[in-house]
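The values are calculated or read from the model by the stated rules, or taken from the named source; none is laboratory data. Keep in mind the model is a prediction, meaning the values are calculated, not measured. FYI the Cβ positions are ideal-geometry reconstructions off the backbone, even for glycines, and counts take in every protein chain you see. Heavy atoms of the whole protein, side chains included, go into the accessibility calculation; ligands, DNA and RNA do not. Shrake-Rupley method; radii C 1.70, N 1.55, O 1.52, S 1.80 Å.
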Amino acid sequence: MTDLVPPTGRVHWIGTGLSTGSGLRVLATAHDVLLWARTEEKAERCLTRLGLTGQVGVRRFGHDALAAELRAGDVVVSMLPAPEHPALVRLCLDRGAHFACSSYTSDELVALGQQAAERGVVVLTEAGLDPGIDHLYAHLLIERARAEFGADTPASAVFTSYCGGLPAEPNDFRYRFSWAPRSVLTALRTPARYVRDGSEHVADRPWEATRSQDVGGETFEVYPNRDSVPFVEQYQVPGAWRLETFVRGTVRLAGWREAWSEVFAVVRDGDDDQVTALAAELADKYPMREQDLDRVVLSVALSLEGEDGRRWSGEYVLDLVGAPEETAMARTVSLTLACGVTDVLARRTAPGLHRATAGSAARWLGFLAEHGVRSELRVPAPSNP
């Protein structure tokens, strides 16, 4: 692996959407930051909202414009949709710049990450809320369980990870759009693979696998999303543990499935144009308005039962309500990303592809707590036969 291209301390933050928040402010206090947006006016409005007017440079985004200013050792932070990331990573590789985002890792990014390792460049992905903080919780729970229960002890295991952005004040629709509306709907069109009752299942229509889930004494509705199975390896689940349940999914307010019945009909039967049109209509009807507060709920839980009857369980919970000046979604996503970028700038991250991983989990949670995103760990006393 090639030595790390020395970071310059200069950060190019691309995007001013619903997930850009105080993480940008954290980076701007110690580093030279440029905010790129579709227009300079939009960038200025974002800076005004974050109290950063005059502290961050603004630019009109375009690949040619970014390429003209990008230097070796700079860091590009992308808040753009995931399909736009490969082109940005290729530009970073050409310039010897580092890259960070909060999106899931595609196969194309995995291949580009291999090139990055050879060129001394960092490619950081899955460093947001979900994916991101959920990874930190999973790694820490599994690490604790390995130490207290035993990695080589045969046991049945139940692992669940559910996350969602919700309205703090429930409405009839049981939801308000605090991030990309079309992405919310298109995610429902992606089949979900997960483990339930000891075997793999695929839900072609994830919402049809909705069930009730208690988090902190409150009842929610949860359903699986994407492909949970590869995370068994990513989280380094011991082979001696037999997985009865392993599912990563979405949490919604109770009553969500009934309230969205007409939405599901379009998601199931409509074409892309109809889904896009519906997303725009719903975003107009149920936006996260200035007077509305959002809420982020994340629960990651692990329980084990040994053949001798011994039991262990643990759960991390994040339940955060936004503020008028910043949504909970923007805070959690942008601060986690800022933590990862800080690691890159401090030369703590080796070249190549990285996610929010085990080695940095405790430190990252400490960083988040310092900036108002506090987690609760619930670990009951172990049960012995």
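How many percent of the accessible area of the chain is carbon or sulfur, using a 1.4 Å probe?
The C+S portion of the solvent-accessible surface of the chain is 46 percent.
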Checklist outcome for this item: Karplus-derived 3J(HN,Hα) from phi for region 311-321 (6.51 cos²θ - 1.76 cosθ + 1.60, θ = phi - 60°), whole Hz, x at Gly and Pro, runs 10, 8, 8, x, 8, 9, 10, 10, 9, 10, 9
Checklist outcome for this item: In terms of the alpha carbon gyration tensor, root eigenvalues a ≥ b ≥ c, rounded if a/c is under 1.5 and otherwise prolate when a/b exceeds b/c or oblate, region 10-125 is prolate
Item to check | Per residue accessible area of region 277-354, 1.4 Å probe, in Å² | outcome: 40 Å²
Checklist entry - Using a simple charge model, +1 on the beta-carbon of Lys and Arg, -1 on the beta-carbon of Asp and Glu, nothing else, what dipole does the chain show about its Cα centre, in debye to the nearest 20? => result 740 debye
Checklist outcome for this item: Of A151, A117, A277, the most mobile residue in a GNM of the chain (C-alpha springs, cutoff 10 Å) is A277
Checklist entry - For region 274-334, which GluC sites (Glu not before Pro) are both in a DSSP coil and crowded by at most 13 other Cβ atoms within 10 Å? => result E290, E307, E325
Checklist outcome for this item: In terms of the alpha carbon gyration tensor, root eigenvalues a ≥ b ≥ c, rounded if a/c is under 1.5 and otherwise prolate when a/b exceeds b/c or oblate, region 72-194 is oblate
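Can you list which of the GluC sites (Glu not before Pro) found in region 117-173 are DSSP loop residues with at most 14 other C-beta atoms within 10 Å?
none
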Checklist entry - Which of the chymotrypsin sites (Phe, Trp or Tyr not before Pro) found in region 31-116 are in a DSSP loop and have at most 13 neighbouring Cβ atoms, other than their own, within 10 Å? => result none
Checklist entry - Which value in deg cm²/dmol, rounded to the nearest 500, describes the helix-derived mean residue ellipticity at 222 nm for the chain, given -39,500 (n - 2.57) per DSSP H run of n ≥ 4 and division by the residue count? => result -10000 deg cm²/dmol
Next on the checklist: Let me check against my output: what whole-number percent is the relative contact order of the chain, with C-alpha pairs under 8 Å and at least 6 apart?
Outcome noted: 23 percent
Checklist entry - R119 to A65: extension gain in nm, 0.36 nm per residue of separation minus the Cα-Cα distance? => result 17.1 nm
Checklist entry - Roughly how much of K285 is accessible, in Å² to the nearest 10, using a 1.4 Å probe? => result 130 Å²
Checklist entry - Taking N as the number of residues in region 260-385, what is its alpha-carbon radius of gyration divided by 2.2 N^0.38 Å? => result 1.48
Item to check | Per residue convex hull volume, Cα atoms of region 178-285, in Å³ | outcome: 127 Å³
Item to check | Karplus-derived HN-Hα couplings along region 38-55 (A = 6.51, B = -1.76, C = 1.60, θ = phi - 60°), whole Hz, x at Gly and Pro | outcome: 4, 9, 5, 5, 5, 5, 5, 5, 5, 5, 4, 4, 8, x, 10, 4, x, 9
Next on the checklist: Sort 221-227, 294-300 by packing, meaning the average of other beta carbons within 10 Å per residue, with the highest value first.
Outcome noted: 294-300, 221-227
